[in-house]
């Protein structure tokens, strides 16, 4: 018999919870309010111990302080998680769709004979079951899944939930590993970080995105000037990056970056599911596209069918004039 608690497998970087972890805690907080349980974050390894008190949204954080767990290795991770989940017996475990999560989630489900749902976008409690929406085929298909038994292993796509803004005051429980640990057959060697881009679009409050509607590389300057006037940064859909007009660090979408700006101005972007998946956490979307049937209008709060090459220069000038006047 499972408890109403919701567990989160936490990932940390440089003594700080990863963005996906804070999102999962936000989602777990909503779900726990419906189940009547607590939110419990699981941190594996001494390296993540310092991040425990920053787990916003958690009621309790269980830290397993063992050097064998400092770097991800499936064998030790699975051994500890299997023990914790058996002991805690939660209603659900939220795991990020990350390199770690995609590896450990299905294997954990197999060990526990537990239901596993991948690519989760929405999780709600309905009567005695969990109703989960899963994204399939790059977002082209949304499947509604009913999960009637726990612990449900739910692998959540980045951007599906928002972090809570409440103070971080979790109860921290630091323990030694509950099971003997030995290095697994797959071990961590080194972390190779990608080269940093000229602009981190994931940290921008304002983004101007460009798609095929920009037509040619010479027109990129029009969008760049608008982004500069707005105090934001320029990003793009995959076709623009494939053309080499912007680096891959500026690509938004499933195969690019996941962004959550307060404002996303989409210029000539049709709104393919892969692109929408990377910007679904945006606060306000304004679409500019001459095609009235473009899918981008389905997610935009405001939109126009004007030609971006006519609108962008006028908008840039209007913003500059307003700033001078104030």
Worksheet entry | strands (runs of 3 or more DSSP E) completely within segment 145-233 that count 1 or more residues being under 22 Å from the mean Cα position of the chain (by Cα) | 152-156, 206-210
Item to complete: Give segment 234-245 a look and list any residue that's touching a strand residue (DSSP E or B) at 6+ places or on another chain (Cβ under 7 Å) and in a helix (DSSP H, G or I), or say none.
Response: 238, 240, 241
Discussion item. Take the conditions surrounded by fewer than 23 Cβ atoms within 10 Å (Cβ to Cβ), touching a strand residue (DSSP E or B) at 6+ places or on another chain (Cβ under 8 Å) and either assigned to a helix (DSSP H, G or I) or modelled with pLDDT under 95 (or both) and apply them to residue 2. Does it pass?
Written reply: no
Practice prompt. Grab the helices (runs of 4 or more DSSP H) fully contained in segment 263-326, keeping just those with 3 or more residues being in contact with a helix residue (DSSP H, G or I) (Cβ under 6 Å, 6 or more places away or on another chain).
Written response: 273-279, 308-325
Discussion item. Looking only at segment 5-22, count every residue that is closer than 13 Å to residue 58 by Cβ, touching a residue at least 60 places away in the same chain (Cβ under 8 Å) and not in a loop (DSSP other than H, G, I, E, B) and tell me the total.
Written reply: 6
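Matching residues to (1) more than 18 Å from residue 308 (Cβ to Cβ); (2) in contact (Cβ under 8 Å) with a residue 24 or more places away in the chain; (3) in the same structural domain as residue 290 (by TED's automatic domain parsing):
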{"site": "181", "(1), (2), (3)": "yes, yes, no"}
{"site": "205", "(1), (2), (3)": "yes, yes, yes"}
{"site": "214", "(1), (2), (3)": "no, yes, yes"}
{"site": "230", "(1), (2), (3)": "no, yes, yes"}
Worksheet, complete the sentence: Only unsatisfied item for residue 124, checking (1) in contact with a helix residue (DSSP H, G or I) (Cβ under 9 Å, 6 or more places away or on another chain); (2) part of a helix (DSSP H, G or I), is (2)
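The values are calculated or read from the model by the stated rules, or taken from the named source; none is laboratory data. Just so you know, these numbers come straight off a predicted model, no measurement behind them. A quick note on method: Cβ atoms are made from the backbone with ideal geometry, for glycine too, and the neighbour counts reach across all protein chains shown.
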